[in-house]
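Everything below concerns the one structure shown next.
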Amino acid sequence: MSMLRLDSITRRFGGLVALENVSLEIQTSGITAIIGPNGAGKTTLFNIISGFNTPSAGRVLFGDDDITGIAPELIARRGLIRTFQLVQLFDELSVLENVKVGRHLHTRGGLLMAFLPRLAARREAEVEAAAQALLRQTGLADRACVPASALPYGQKRLLEIARALAAEPKLLLLDEPAAGLNREETLRLAELLRAVAAAGTAVLLIEHDMTLVMNVAAQIAVLDFGRLIANGTPAEVRQNPDVIAAYLGQAEAALA
Amino acid sequence: MNSLTSTWAKRGSNPVLLAVWGLASALVVYVLIRGGYLMSVLQIAAIYTVFVTGLNIFMGYTGQVSFGHNAFAAVSGYTSAVLTATYNWEPLPAAAVGLGGVLLCALIIGYPTLRLRGHYLAMATLAIGLIAYDVAVEWGSVTQGYMGISGIPPIGIGRWTVASDRGILVLLIIVAAIGMFAAAGIRRSRLGRAFVAIAGSENAARALGIDVSHYKLVAFLISAFYAGVAGSLFVHAIGFVSPEVFGLHMVVLAFTMLYIGGIGTFVGPALGALIVTLLPESFRTFNEYQDLAYGAVLILILIYAPGGVASLPKLLSSSSRRKPA
Amino acid sequence: MLDLILQSLASGTAVGCIYGLIGIGFCVIYNASGIVNFAQGAFVMLGGMVASAALKTYGIPLPLAGTLAVLVCAGIGIILERVVVRPLWDRHSTTFVMILATLAAQIVIERMTLIVAGDQPHSLPMFTDLPPLRVGHLAISYQFLWIVGGSALVIAMLALFFASTKTGKAMRACAIDPDAAALQGIPVSRMLALAFALSAALGAFAGVLITPTQYIAFNLGVPFAISGFIAAIVGGFGRPLGALAGGIFLGVVQALAIVVLGSAFKNIAALSILLLFLFFRPTGLFGSTT
């Protein structure tokens, strides 16, 4: 059984067809990348998968469940956690607190717990420990008490991933995690992604950074003008003439 | 999305804040011992501390806005007044009914209203506050309209009432303190984290499984409850109620206190309430200038110190350590 | 009964035009900057007050007094923009802070007026001192004609301004994209001041028109602002013509509510319309422009 299955996803915005009949299967482990030129519909696809948008046609299946058109928080509850293309941190909170929010799904307690700090203390300690561990894993442990807005861009990205990991995703959706990172940061990101996948979380990422993609992805899907034009291993995709044409133009494809 | 929350200020680690606390406590003790007119002023400050603390949870923590929480104070205040003064109920059961009514109203109002954003939310809540005022004026058979209801008995249980000014002040301070510590507890909890996440980024919060609509409603209900408590306390402390008590004046006053004190902070509501109620007392004779002063001061605060007094330490330290451009 | 209803339709339409003018004032500022100016009602109040003071205290003839009132209020609008709005704008304050600041400004203006002019209501004489026109069983006062005619004229001039003049088009450009407008050499900050001046003038004009039919006092700013806001919402926030239609809709519904339910329901009727539209049709009767 696959982790995620997209069944002929189509999305129209008035006369514009952003996605057309995209069908894709993501496995329960490993790293899959979605690539494609700008405007190919990648983020729209992410939004549809994660519930921030609904398809005009087609279905999204997560495990056994049809999650098409379900609210984002309910999809998150099923174990599908996403990050955003433009980093959406809780700017006024500290780095540590940001990650603690990520633990929301796996902790319990509402208004009553707020008035019983003694009872809540043990749960809070667990949240604290889990959050600190994630900060160590992403290399942000020394910035724990810094307000999130004060971090440099690369670390903001890492924080968003740490926060997403706090939610114990079965499938982690990363929207351009390497955007704006320098080479060293990208290498560290690759390490992190490999570690995450090795620990059992499936990863689906949108990326433009080909080095990163070729390095970490086991499966690559290519979108162009809303259509899936290739889907396979990095080696297969690299040699696919349609892919080359999409990126470099027809003349180059003829030479390939 | 712009957030109105500040990071949870580490209590006790900031000398300026400690000094302010010390001053405020000293003042309160002084007034308690000396008695006199200032006690009524502090009573108002304590009641507004409760109201503004609730508003702080909804606006400061959760990043929403409400120009109409005076409606909830009115619902509970008038319920307490009518049940005790006209129907001779005991104050506590009457307040319980009032607060129940507040929660019901907040639930019914909250569902459609909280789906709104920005100036739509502001206007809808303003409309609700104005409707409450109009109902208080027009439903004369119950509320006695502009004349108001007087002779409201003091708070108490059976024969054991709190009728002296000093006693009332102590009671109000205790309630205000409980309210503030409860709010702090909320902030530190999983619930409070969800609130602040919503203020930071609703999309990110939803992507982490937080049901934003649900939590906005919870914040709304909690803050409405605080407003209701303030309303009932007010009518019992003052012994009189009229539509003006819970009118637009209350809204402006509360916002001034919230912003002067420091929105989103622990101490802000109390600080703001103290400052706003105490300072005008020095101009007691110039009553017409009071609201004018509130408005002008609020504008100045919004422009030059939107984080309020509680943010002054941060403001002062950042201007003395200005980094080169 | 029918006569009563028709009469209230007529008076409702007149008041509705006033609400429409105020609502258009909201739209002008909103379109130029995205700000909702809660002090809008203060200009309506000041328009009537200044005209009344000019007439009664200084003996200035009515047409001049009215014009003076409009100009003075336009000036106050610019002061409001410079002193309150601009500093917040420059500091990128949030929507809520802007709303709160303009609300505070409304309070300040209101209290200043109270201190200067006292709490007694003021009024203006009817523009035309003739008995009302008789149309069938209806009595249409000449003030009604002044209000409707004046509103129509001003709105037509405004439409012309925005469509045809260089400044008008520049203001529209700022509304659509201030950064692009700035790059084109349009002085965006001056446009904002102009928007406030225009909006204040509209409000003052409305105040001058309506004062003869009712009194004006320092505390009527907020009710006028709310009515104007409702007009703008009902018409689809940002649409000037929609605001006029919305205003007339509000005026008529309100007048009918008074006839059918009693005058106690005047405000509640208006506020209920506001809530209904906000909850169920926030884009108004005609939908919004964005």
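Need one number: nm distance between label points at C:LEU153 and B:SER40, each 7 Å from Cα along Cα→Cβ, rounded to one decimal. Here the answer is 5.4 nm between the modelled labels.
Highest mean first, how do C:119-126, B:48-55, C:239-246 rank when packing is the count of other Cβ atoms within 10 Å averaged over residues? Don't skip to the end; give the middle numbers.
Numbers: C:119-126: 15.6, B:48-55: 30.1, C:239-246: 24.6.
Most protected by this proxy first, the peptides run B:48-55, C:239-246, C:119-126.
The charge dipole of chain C, taken about the Cα centre with unit charges on the Cβ atoms of Lys, Arg (+1) and Asp, Glu (-1), comes to about 300 debye, rounded to the nearest 20.
When DSSP beta bridges are restricted to pairs lying wholly in the protein assembly as shown, around 65% turn out antiparallel. Site pair C:LEU256 and C:ALA180 shows an inter-label distance of 4.1 nm when each label is modelled 7 Å from Cα along Cα→Cβ. Applying a length cut-off of 27 Å (Cα extent along the axis) and a mean Kyte-Doolittle floor of -0.5 to the DSSP H helices of chain C leaves C:2-33, C:95-117, C:142-164, C:188-210, C:240-261. Three principal axis extents describe the C-alpha atoms of region B:26-79; from largest down they are 40, 28, 13 Å. Under a model in which nothing but the beta-carbon of Lys, Arg (+1) and Asp, Glu (-1) is charged, the protein assembly as shown shows a dipole of about 1080 debye around its Cα centre. Counting only DSSP H runs of at least 4 residues, each contributing -39500 (n - 2.57), and dividing by the residue count of chain A, the helix-based mean residue ellipticity at 222 nm comes to -11500 deg cm²/dmol. In sequence order, region B:142-154 has phi-based couplings of 9, 9, 6, x, 4, 4, x, 10, 10, x, 6, x, x Hz under the Karplus curve 6.51 cos²θ - 1.76 cosθ + 1.60, θ = phi - 60°, and Gly or Pro positions carry x. Just how far, in whole angstrom, is region B:214-286 from region C:151-218 if you go by their alpha carbon centroids? Each part's Cα centre sits 37 Å from the other's.
Between the alpha-carbon centers of region C:46-124 and region B:78-118, tell me the distance in whole angstrom. One Cα centre to the other: 37 Å.
Ranked for footprinting exposure by Cβ neighbours inside 10 Å, fewest first, C:SER227, A:SER149 give A:SER149, C:SER227. Extension gain for the segment C:HIS92 to C:LEU145, taken as residue separation times 0.36 nm less the Cα-Cα distance, is 14.7 nm to one decimal. With the convex hull constructed from alpha-carbon coordinates only, chain C shows a mean projected area of 15.6 nm² over all directions. Which Cα, out of C:GLY48, B:VAL229, C:ALA104, lies furthest along the positive dipole direction of the protein assembly as shown (beta carbon charges, K/R +1, D/E -1)? Positive-most Cα among the choices belongs to B:VAL229.
Inter-chain neighbour count for B:208-217: the average number of beta-carbon atoms from partner chains within 10 Å of each residue's beta-carbon is 6.
Can you compute the charge dipole magnitude of region B:194-292 about its Cα centre, using +1 on each Lys and Arg Cβ and -1 on each Asp and Glu Cβ, nothing else charged? Give it in debye, rounded to the nearest 20. Could the numbers behind the result be given before it?
On the way: 3 positive and 6 negative charges, 48 e Å.
Dipole magnitude for region B:194-292 comes out near 240 debye.
In plain terms, the residue of B:THR84, B:THR62 with the fewest other Cβ atoms within 10 Å comes first and the most crowded comes last, giving B:THR84, B:THR62. Computed over the protein assembly as shown, the percent of Cα pairs more than 40 Å apart is 47.
Let me test this: with uniform point scatterers at the alpha carbons of region A:90-163, what is the Debye-based log₁₀ I(q)/I(0) at q = 0.15, 0.18, 0.24 1/Å? The computed values of log10 I(q)/I(0) come out as -0.50, -0.68, -1.02.
The calculated FRET efficiency for the pair A:LEU86 and C:PHE280, based on their C-beta separation and a Förster distance of 41 Å, comes to about 0.80.
Between A:LEU111, A:LEU172, A:ILE26, whose Cα lies farthest towards the positive end of the dipole of chain A when Lys and Arg beta carbons carry +1 and Asp and Glu beta carbons carry -1, centred on the Cα centre? Selected residue: A:LEU111.
Taking a ≥ b ≥ c as the square roots of the eigenvalues of the alpha-carbon gyration tensor, region C:1-56 is classed oblate because a/c is 1.5 or more while a/b is no larger than b/c. Taking the charge dipole of the protein assembly as shown about its Cα centre, with +1 at Lys and Arg Cβ atoms and -1 at Asp and Glu Cβ atoms, the residue from B:PRO243, C:PRO178, A:PRO147 reaching farthest to the positive side is A:PRO147. Counting, for every residue in A:147-155, the Cβ atoms of other protein chains within 10 Å of its Cβ and taking the mean gives 1. Remark on A:ASP224: its backbone amide H falls under 5 Å from those of A:ILE229, a criterion applied only to residues 5 or more positions apart or on other chains, H modelled at 1.01 Å from N.
Count the DSSP beta bridges whose two residues both fall in chain A, then state the antiparallel fraction as a percent rounded to the nearest 5.
Values: 20 of 36 bridges.
About 55 percent, rounded to the nearest 5.
Here the simple spin-label model places points 7 Å from the Cα toward Cβ, and for A:ALA57 and A:GLU168 these points are separated by 4.0 nm. The C:ARG172 and B:ILE108 beta-carbon pair, evaluated with R₀ = 41 Å, returns a calculated FRET efficiency of approximately 0.50. Helices meeting the span-like rule in chain A (full DSSP H runs, Cα extent of at least 15 Å along the helix axis, mean Kyte-Doolittle score of -1.0 or higher): A:117-137, A:153-166, A:183-198. Look at where the Cα atoms of region C:22-43 and of region A:117-138 average out, and the two centres are 49 Å apart. Each Cα pair of chain B feeds into the Kirkwood radius, which the Stokes-Einstein equation turns, at 4 °C and 1.567 mPa s, into a diffusion coefficient of 64 µm²/s. Here A:THR10 and B:PHE181 are evaluated by their C-beta separation; at R0 = 60 Å the FRET efficiency comes out at 0.65.
Average 1/r across all pairs of distinct alpha carbons in chain A, invert it, and you get the Kirkwood radius: 19.2 Å. The mean count of C-beta atoms from other chains within 10 Å of the C-beta of residues in C:88-99, rounded to a whole number, is 5. Panel order for A:ARG77, A:ARG188, by other beta carbons found within 10 Å of each beta carbon, from fewest to most: A:ARG188, A:ARG77.
Readers should treat all values here as calculations from the given coordinates under stated rules, not as data from a laboratory. This is a predicted model, so every value here is computed, not measured. Positions of Cβ are generated from backbone atoms using ideal geometry, with glycine treated the same way; all protein chains shown enter the neighbour counts.
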